Amino acid sequence: EAACRSSAYRLADLGFLDERIDAHLDGLRLAEDDGWEACLDALDAAEDAEDLFAPAAVAAEREDPRDLGKVLDATEGAPDRLRIVAAALGWASPSALGRVLDRLLAPRCPPVLHTLGITASAMHRRDPGQALEHALSSNDPTLASRAIRAAGELGRADLLPLLRQELQGDREPCRAWAAWSAVLLGDAHALPSLW
């Protein structure tokens, strides 16, 4: 993550780092239950948010949803920890992600987990459909603002009327992301709001 923000790294350097991360995760996946046990040990000893990355990435690939549940419990709802879990879901295979998203985007899912599902969907450029539209109208400002951002990332021009409506609202993060998404979707009228 630090390398992505540093001018000292070129695209080839970032590709090399990605390959290293993927190789380490592959080692944990191939080790199956032993790899998962190593992840659980790391989870128990986790001090920093970054310590959740490997357990979350491996848990997303496992069949048992309780494994990801253990990682989510370890986040304790802290935004920095949830951000790391979302990043780890970005490394999930499309088939594994589908299983995870089915649970995270369920209608009765708590807003914090629904936000995680919307984030993972947007990272994979996978349109969550009705779940995105439901999230746009959420009373939870974190979920709503993430859904508004995802509408732009996913090219959902059909949601422009809702984005324009949000531009008139009083929820600051929602207004900012509504302007960003609307401009991204080609609405030049939202440009002054973005400025």
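Some points to look at:
- Reduced Cα scattering model of the chain, Debye log10 I(q)/I(0), q = 0.12, 0.15 Å⁻¹: -0.65, -0.95
- Averaging Cα coordinates gives a centre for region 79-110 and one for region 21-57; these two points are 16 Å apart.
- Panel values: region 24-115, Kirkwood radius from alpha carbon pairs, Stokes-Einstein at 25 °C and 0.890 mPa s, translational diffusion coefficient 188 µm²/s.
All of the numbers you see were taken from the coordinates with simple rules; none came from a lab. Remember, it's a predicted structure, so these values are computed and weren't measured experimentally.
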